[in-house]
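A short worksheet on the structure shown next.
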Amino acid sequence: MSAVVAASPALQAALADTAREIDARFDVLLSVPDDARANLYRAMRHAAIDGGKRLRPLLVFATAKLFGCDYDCAGRVAMALEAIHVYSLIHDDLPAMDDDDLRHGRPTLHKAFDEATAILAGDCLHALAFEILADPATHGDPFVRAELILDLARATGPTGMAGGQMMDLEAETRTFDLATVTRLQAMKTGALIAAAVEAGAILGKVPPEGRTGLRGYARDLGLAFQIVDDLLDVEGDEALAGKKLRKDGEAGKETFVSLLGVEPARQRCRMLVDQAIEHLRHYGPEADLLRDIARFVLTRDH
């Protein structure tokens, strides 16, 4: 079993650097105009700046670094992935979805502004993500840009996040077995994590057949991440989480914890982290940050 350890100094530094980089990029992208759209931009800034773990951008940076990709190109792709993540959280928090009042310890967007503005802010972040990827400034090769767009669209739509969210809504009135919950979470949570890892390889022009290990890493990391989420929903501290916990149980949804039990779920998470690291066996020290990310999934407290 993997040892449960705190974030390594290298990972702590990478998380902090990534947070600063993504905040700086959003600060420029979402500069508030002096017109009637100002509140829309303020809403996007509220949701996108100074919040979250920035795991997906970090995965883009870490994978892109494996292949010596340009830092600014990786930064633009990382921002696009995070824009999609933030849009999904805005919409998930709406009364029609998960109906949450807090996110990262702050009022959710529809509470800080209003539902219509929150919907539009999510829509705009979704559109901006693809605008960023389509821009020649992201990569000079149009085939690379097209592949980035295609992969993110698949991760975001009915075979990815949106499909997983629909299954999650259905879970309130239907009983799902372990295989169905695993598929649901691989789509709702895992698809965007996989897209972040895949994006770094696409930037590096790694052919699809050369990405097998990275895809295995991303798949196992995404499931481990969700199991920890389920454990935190049962055992976590709402003050640390910055949001209401124990909602899945109240809604009658099946989770990895409800189906497996706390300790078996924790053991499965450790197994998945071990598997994720094993998928990187063909890489040397240049993949240590990806290994550290996998180990840290076990110990995060929010």
statement: From fewest to most C-beta neighbours within 10 Å, the residues ILE132, ILE49 line up as ILE49, ILE132
query: Near the amide H of LEU102, under 5 Å away, which other amide H atoms are found, from residues 5 or more places off or on another chain, if H is placed in the peptide plane?
result: THR108, LYS244
- line: Placing each pseudo-label 7 Å from Cα in the direction of the beta carbon, VAL206 and ASP35 end up separated by a distance in nanometres of 4.2
- prompt: Length gain on complete extension for the stretch ASP141 to GLN12, per 0.36 nm per residue less the alpha carbon to alpha carbon distance?
  reply: 43.1 nm
query: How fast does the range 248-302 diffuse by Stokes-Einstein, in µm²/s, taking the Kirkwood radius from C-alpha pairs at 10 °C and 1.306 mPa s?
result: 123
task: Find, to one decimal place in angstroms, the Kirkwood hydrodynamic radius of the range 69-122, where the mean of 1/r is taken over every pair of different Cα atoms and then inverted.
output: 12.0
- line: To the nearest 20 debye, the chain has a Cα-centred charge dipole, built from +1 on Lys and Arg Cβ and -1 on Asp and Glu Cβ, of 580
- request: Among SER31, SER88, rank each residue by its count of other Cβ atoms within 10 Å, from fewest to most, as a rough exposure measure.
  value: SER31, SER88
- request: Work out how far the C-alpha atoms of the range 137-217 reach from end to end along every principal axis, then list the three figures in whole Å, largest first.
  value: 48, 25, 14
Farthest positive-ward along the range 9-297 dipole, Cα basis, beta-carbon charges - from ALA146, LEU30, LEU290: LEU290
- prompt: Do the sum for the chain: with -39,500 (n - 2.57) for every DSSP H run of n ≥ 4, divided by all residues, what is the mean residue ellipticity at 222 nm, to the nearest 500 deg cm²/dmol?
  reply: -21500 deg cm²/dmol
message: Given contacts defined as C-alpha pairs under 8 Å and at least six residues apart, what's the relative contact order of the chain, whole-number percent?
response: 23
- line: 1/(1 + (r/R0)^6) with r = Cβ-Cβ of GLU172 and ALA127, R0 = 30 Å, i.e. FRET efficiency to nearest 0.05, evaluates to 0.55
message: Tell me which of GLY204, GLN165, PRO95 sits at the most positive position along the dipole axis of the chain, charges placed on C-beta atoms (Lys, Arg +1; Asp, Glu -1).
response: GLY204
- line: If ASP141, ASP100, ASP34 are placed from fewest to most neighbouring beta carbons inside 10 Å, the sequence is ASP34, ASP141, ASP100
Cα pair distances exceeding 24 angstrom across the chain, given as percent: 51
message: Restricting things to Cα coordinates, could you compute the convex hull volume per residue of the range 76-186 in Å³?
response: 110
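Readers should treat all values here as calculations from the given coordinates under stated rules, not as data from a laboratory. Note that the structure is predicted; figures quoted are calculated from it, not measured. Positions of Cβ are backbone-derived with ideal geometry, glycine not excepted, and every protein chain shown enters the neighbour counts.
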